[in-house]
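Just below is one structure, and these are the notes that go with it.
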Amino acid sequence: MAQPVASHAGKRWLWLLVLPWIGVLLVPIYNIDQPRLFGLPFFYWYQLLWVLISAVLTAVVYWKTKPAKRTSGGQS
């Protein structure tokens, strides 16, 4: 079961997850054809780039907010 973020400082990391929303929801910024990358219009490779950025940001937020492992107090 998921554990809640323990500290207020840990909750700040969650704001990184807003960046992909902003980058993808502002369609007029990337609704263009040029520049092309490997023959793909900017519209498509910009969105694909955000998929990769989102994965990296999600991993960073996970690592920074996951609770520390508990040691089992000498029990085996």
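Here, each number is a calculation from the coordinates, and none is a lab measurement. None of these values were measured; they are calculated from a predicted model. Here the Cβ is made from the backbone with ideal geometry for all residues, glycine too, and neighbour counts use every protein chain on show.
Annotations
- The label-point distance for Arg36 and Ala59, in a model that sets each label 7 Å from Cα toward Cβ, rounds to 3.1 nm.
- Three-way shape label, segment 8-47, alpha-carbon gyration tensor, a/c 1.5: prolate
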